[in-house]
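**Q** Dropping the structure in here first, questions after.
The values are calculated or read from the model by the stated rules, or taken from the named source; none is laboratory data. Just so you know, these numbers come straight off a predicted model, no measurement behind them. Counting neighbours? That spans all protein chains shown, and the Cβs are built from the backbone with ideal geometry, glycine included.
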Amino acid sequence: MSDIDKATVAKIARLARIRIEDDKLDHLAGELNGIMHWIEQLNEVNTDNIAPMASVVDAKLRWRQDEVNDGGIQDKVLKNAPNAEYGFFTVPKVIE
Amino acid sequence: MTDLTKLTIAAARDLMAKGELSSRELTEAHIKAVEAARPLNAYVAETPEMALAQADAADAKRKAGDARAMTGIPVGIKDLFATKGVHTQACSHILDGFKPEYESTVTQKLWDNGAVMLGKLNMDEFAMGSSNETSYYGPVKNPWRAEGSNKDYVPGGSSGGSVASVAGYAAMGATASDTGGSIRQPAAFTGTYGIKPTYGRCSRYGMVAFASSLDQAGTITRTVRDGAIMLESICGFDPKDSTSVNMPVPNFEAALTGDIRGLKVGIPQEYHLAGMPAEIEALWHQGIEWMKAAGAEVVDINLPHTKYALPTYYIVAPAEASSNLARYDGVRYGLRVVPNGGGLNDMYEATRAAGFGDEVKRRIMIGTYVLSAGYYDAYYLKAQKVRQLISDDFKRAFEKVDVILTPTAPSAAFAFGEKSDDPVSMYLNDVFTVPASLAGIPGASVAAGLDAQGLPLGLQILGRPFDEETVLRVSGVIEEAAALKAEPKVWWR
């Protein structure tokens, strides 16, 4: 499988919304390659006709009535916000 | 007067039942012990006032005839359980200042059962680590040291604060969580008893999520009996967690009969690792002899996909983590960093760059990579299929045996910095614990001996889904056979 180069690390960082300085990209590429090469031993395993396992719990998800059972807690929801005004979360300007 | 912090939960419970001890006395002794144990760095927040209020309430309830399983017992809480109005950051910088407006189900159950909170416990950041070296609050020190040495050792991870507080007599028990071994491996490194129940036994509501298909709460205690008492008090169905299983919780303490005659104990041949220290092989062999002496039948078994468990885990867990940790964006809680004149995307990127530590960043990057377009099938889907094969290995094994016995970790505790430069060598610490996490089965680590340097070693017991009782019963037999009298020399008080 393909090696992770500097450009790929920059792309992943962008997708993950983590700013990584240019001078750190090479080092990180080396580390990620080390981990991914170790992981690639999975290619030895024959998984033909094996269903992917997403959960260890066999049970089906439970149904419940679609009814409001919570709410009216705007203060609590906003309590930990780094910046909240007029009952809203606020962020830097998005639209000019 | 005896040192109250050295009592077991069971002994303190019985003394309080007889009226010979109050929770107030017990809690005051522990608050002092927590302060004195600060050199261990086990606690990241101490809550002495809350503890005393809970202790007084517990004493009043006992007087009123309403004593429960944990009434008046002071415990520590791992920093990833949401505790209303109290520090809850999973030891990450990105959750700076976060004090939840709600309580996790696990801690709520503890308080409902009468327990007393001493504070919040250090851990690897977001539970990502095997040595407690990734915490934003600094590393935790293992109360144990090699004989004649002043060198500090890691306590294991990620539940490093949980095990250090319990081994260091600064809590009678502690909550912990296990995603790939974070309860069992640190228990082995500190001579404590750690048990992770079946996935679905404990509610994940209010636990800071790492990898949701793997995360499971459990307990750290000094004895198996204490583990049975505390574990029972946190298990049970919770409609607030969609993967919580609606099954009655047995009386775990009653499972400690000491009788394992006729029980079939499986020894997986794939766990004989090349290069594993001889004393760990010897301890395992000793465990097998203890099983035979107690009347159990020992059976060789195969878990053929064992060697693929770690690489599978290092796809599945980072993939889920990259998704779970997307919520830390600087908008709703925790840290916010806005570069000068920066917009929304700049804020996300700067906040996450400043807020996450290196190991967390590495895992988010791996997770993002394996889930990205073009790689999803080759990595993530492949790992999910191998996970099925690993789970099938256990299913087949449990057709032949009742329980599986292995070493908990491939080494004893190591010194600081010894493995932190090489991520893969650090990951190998969890080689024996990860398979059971992937399969969701219950597992425990019980202190079974010491290595040549005098550091503790653990044996791991794995059971069928929802058969924690057999895991506990076998743990009890090993604890009794090992009869470990050693305890860490108190250097931190």
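**Q** Quick check, is A:Gly34 small (Gly, Ala, Ser), surrounded by fewer than 17 Cβ atoms within 10 Å (Cβ to Cβ) and more than 9 Å from every other protein chain (Cβ to nearest Cβ)?
**A** So A:Gly34 fails the test.
**Q** Okay, next question. Suppose we filter B:Lys292, B:Lys307 for residues that are farther than 17 Å from B:Thr433 by Cα, surrounded by fewer than 22 Cβ atoms within 10 Å (Cβ to Cβ) and of a type in the set (Lys, Arg); which single one remains?
**A** On inspection, the qualifying residue turns out to be B:Lys292.
**Q** Would you please name the residue that is nearest to B:Tyr314 (Cα to Cα), looking only at residues in segment B:358-374 that are of a type in the set (A, V, I, L, M), more than 7 Å from chain A (Cβ to nearest Cβ) and in contact (Cβ under 8 Å) with a residue 40 or more places away in the chain?
**A** Only one residue tops the list, namely B:Val370.
**Q** Separate question: Only residues that are without any contact (Cβ under 8 Å) to a residue 24 or more places away in the chain and assigned to a loop (DSSP other than H, G, I, E, B): list them for segment B:1-26, please.
**A** Selection gives B:Met1, B:Thr2, B:Lys18, B:Gly19, B:Glu20, B:Leu21.
**Q** Considering every residue within segment A:3-15, establish whether at least one is part of a helix (DSSP H, G or I), at the interface with another protein chain (Cβ under 7 Å from one of its Cβ atoms), under 23 Å from B:Asn345 (Cα atoms) and β-branched (Val, Ile, Thr).
**A** Looking for residues that are part of a helix (DSSP H, G or I), at the interface with another protein chain (Cβ under 7 Å from one of its Cβ atoms), under 23 Å from B:Asn345 (Cα atoms) and β-branched (Val, Ile, Thr), one finds at least one in segment A:3-15, hence yes.
**Q** What residue, among those in segment B:92-106 that are within 20 Å of B:Leu335 (Cβ to Cβ) and touching a residue at least 60 places away in the same chain (Cβ under 8 Å), is nearest to the chain's Cα centre (by Cα)?
**A** If we take residues in segment B:92-106 being within 20 Å of B:Leu335 (Cβ to Cβ) and touching a residue at least 60 places away in the same chain (Cβ under 8 Å), then B:Ser92 is nearest to the chain's Cα centre (by Cα).
**Q** If you take the residues of segment B:1-27 that are closer than 15 Å to B:Ala55 by Cβ and under 24 Å from the mean Cα position of the chain (by Cα), which of them is surrounded by the most Cβ atoms within 10 Å (Cβ to Cβ)?
**A** B:Thr27
**Q** If you don't mind, there's one more thing I want to ask. Tell me whether segment B:272-295 contains one or more residues that are modelled with pLDDT of 95 or more, within 21 Å of B:Gln216 (Cβ to Cβ) and not hydroxyl-bearing (Ser, Thr, Tyr).
**A** Checked against the condition, which is being modelled with pLDDT of 95 or more, within 21 Å of B:Gln216 (Cβ to Cβ) and not hydroxyl-bearing (Ser, Thr, Tyr), segment B:272-295 yields no hits at all.
**Q** Would you confirm whether any residue within segment B:445-457 is in a helix (DSSP H, G or I) and either among the aliphatic types (A, V, I, L, M) or surrounded by fewer than 24 Cβ atoms within 10 Å (Cβ to Cβ) (or both)?
**A** No, every residue in segment B:445-457 fails to be in a helix (DSSP H, G or I) and either among the aliphatic types (A, V, I, L, M) or surrounded by fewer than 24 Cβ atoms within 10 Å (Cβ to Cβ) (or both).
**Q** Now for a different question. Can you pull out every residue in segment A:48-68 that is among the hydrophobic types (A, V, I, L, M, F, W, C) and facing another protein chain (nearest Cβ under 10 Å)?
**A** A:Ile50, A:Ala51, A:Met53, A:Ala54, A:Val56, A:Val57, A:Ala59, A:Leu61
**Q** I'm told A:Val56 meets every condition in (1) of a type outside the set (S, T, N, Q); (2) closer than 24 Å to B:Tyr348 by Cβ; (3) touching a Gly at 6+ places or on another chain (Cβ under 9 Å) except one. Can you identify the failing condition by its number?
**A** A:Val56 satisfies every listed condition except (2).
**Q** Then there's this: Please work out which one of (1) away from chain A (no Cβ under 12 Å); (2) surrounded by fewer than 21 Cβ atoms within 10 Å (Cβ to Cβ) is the condition B:Asn429 fails and give its number.
**A** (2)
**Q** Of the residues B:Ala53, B:Ala33, B:Ala57, only one is out of contact with any Ser or Thr (no Cβ under 9 Å at 6 or more places or on another chain), within 30 Å of B:Cys91 (Cα to Cα), outside any loop (DSSP other than H, G, I, E, B) and not hydroxyl-bearing (Ser, Thr, Tyr); which?
**A** Unique residue meeting the criteria: B:Ala53.
This table checks each residue for (1) on the phi < 0 side of the Ramachandran plot; (2) away from chain A (no Cβ under 11 Å).
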site: B:Met276; (1), (2): yes, yes
site: B:Glu279; (1), (2): yes, yes
site: B:Gly295; (1), (2): no, yes
site: B:Pro318; (1), (2): yes, no
site: B:Tyr333; (1), (2): yes, no
site: B:Phe356; (1), (2): yes, no
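**Q** Then there is this: Select, from B:Lys99, B:Lys109, the only residue that is part of a loop (DSSP other than H, G, I, E, B) and farther than 30 Å from B:Ser420 by Cα.
**A** B:Lys99
**Q** Could you go through segment B:399-407 and let me know if any residue there is more than 8 Å from chain A (Cβ to nearest Cβ), under 26 Å from B:Ala296 (Cβ atoms), part of a loop (DSSP other than H, G, I, E, B) and under 20 Å from the mean Cα position of the chain (by Cα).
**A** no
Condition check ((1) surrounded by 22 or more Cβ atoms within 10 Å (Cβ to Cβ); (2) in a loop (DSSP other than H, G, I, E, B); (3) of a type in the set (A, V, I, L, M)) across all residues:
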{"residue": "B:Val338", "(1), (2), (3)": "no, yes, yes"}
{"residue": "B:Met347", "(1), (2), (3)": "no, no, yes"}
{"residue": "B:Ile366", "(1), (2), (3)": "yes, no, yes"}
{"residue": "B:Lys385", "(1), (2), (3)": "no, no, no"}
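**Q** Kindly evaluate A:Asp26 against the criterion of being assigned to a loop (DSSP other than H, G, I, E, B) and surrounded by fewer than 17 Cβ atoms within 10 Å (Cβ to Cβ).
**A** So A:Asp26 does not fit the description; no.
**Q** Filter segment B:339-369 down to the residues that are under 27 Å from the mean Cα position of the chain (by Cα) and aliphatic (A, V, I, L, M), then identify the one that is farthest from B:Tyr328 (Cα to Cα).
**A** Per the criteria, the residue is B:Ile366.
**Q** Being more than 7 Å from chain A (Cβ to nearest Cβ) and closer than 14 Å to A:Arg19 by Cα is the filter here, so list the residues in segment B:335-344 that pass it.
**A** B:Val337, B:Pro339
**Q** Another question about this same structure. Keeping to segment B:375-393, report how many residues are more than 9 Å from every other protein chain (Cβ to nearest Cβ) and more than 25 Å from the chain's Cα centre (by Cα).
**A** 2
**Q** Another question about this same structure. Looking at (1) farther than 22 Å from B:Val434 by Cα; (2) more than 8 Å from chain A (Cβ to nearest Cβ), can you tell me which one B:Asn324 breaks?
**A** That leaves (1) as the condition not met.
**Q** Further, regarding this structure: One residue is enough: does segment B:246-258 have a residue meeting the conditions of a type in the set (Ser, Thr, Tyr), touching a Phe, Trp or Tyr at 6+ places or on another chain (Cβ under 8 Å) and modelled with pLDDT of 95 or more?
**A** Within segment B:246-258 (the criterion being of a type in the set (Ser, Thr, Tyr), touching a Phe, Trp or Tyr at 6+ places or on another chain (Cβ under 8 Å) and modelled with pLDDT of 95 or more), the answer is no, since none of the residues qualifies.
**Q** To continue, here is another question. What pairs come out if I take residues in segment A:69-89 that are more than 10 Å from every other protein chain (Cβ to nearest Cβ) and of a type in the set (Lys, Arg) and pair them with residues that are part of a helix (DSSP H, G or I) and loosely packed, with under 14 Cβ neighbours inside 10 Å whose C-beta lies under 6 Å away, six or more apart or interchain?
**A** As it stands, the answer is none, since no pair meets every condition given.
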